[in-house]
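Structure record follows, encoded as structure tokens.
Where a number appears in this text, it was derived from the coordinates with a stated rule and is not lab data. Note that the structure is a prediction, hence the values are computed from the model and not measured.
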Amino acid sequence: MREIPYAMKPKSQGTPKTASKKSSQTHSVGLYAAQCDECFKWRLVDTQEEFEEIRSKLIEEPFYCNRKPDVSCEDPADIEYDATRTWVIDKPNIPKTPVGFKRKLVLRKDFSKLDSYFTTPTGKTYRTRNEIALFIKENPEYKDMNPSDFDFGSPKVMEDTIPEYVSNGSSKKRVKSLCI
Ligand SMILES: [Zn+2]
């Protein structure tokens, strides 16, 4: 069984910045990738929808390079797992976000964990399953949905890919690695 990651990048791209306690910069998912079960190379996945589709059935249908058009295990990896990006890894077989809803993951400033949010088709954002359950109850058109379809779990932040300025608070080093 293989885990699959997201790769994170800063929301605001631009010049590298020094670490600052006042920084209000947040991070959200910038790239999606899946690892081939045969050659272990990482392949980029174009959209969140596609990523969630792969992830939702990963145990029954492991990911292979040839799932991408014109790609085989012979081709170089799309992306290498290294500390130039912060990687977060999800468990396999997480339910897909229900149609019309959007899942958003935001990395905490100290890189300790990600918070999950769901935005409803009516534009409301919820952070807990209880709120979603209440929304379903109050909006009969969504009565067929089950609160358990909403995964509020959070992927694991890979410690070895956390930027140095975060893991070492006293460091004044410039961050070169955050921008893709
Ligand atoms: Zn492969």
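Some points to look at:
- Within straight-line cross-link reach of Lys104, aspartates and glutamates at Cα separation under 13 Å, skipping those fewer than 8 residues along the same chain: Glu49, Glu52, Asp115, Asp151
- Listed pairs Lys124/Lys156; Lys113/Lys143; Lys109/Lys143; Lys41/Lys124 exceeding 28 Å between Cα atoms: Lys113/Lys143; Lys109/Lys143; Lys41/Lys124
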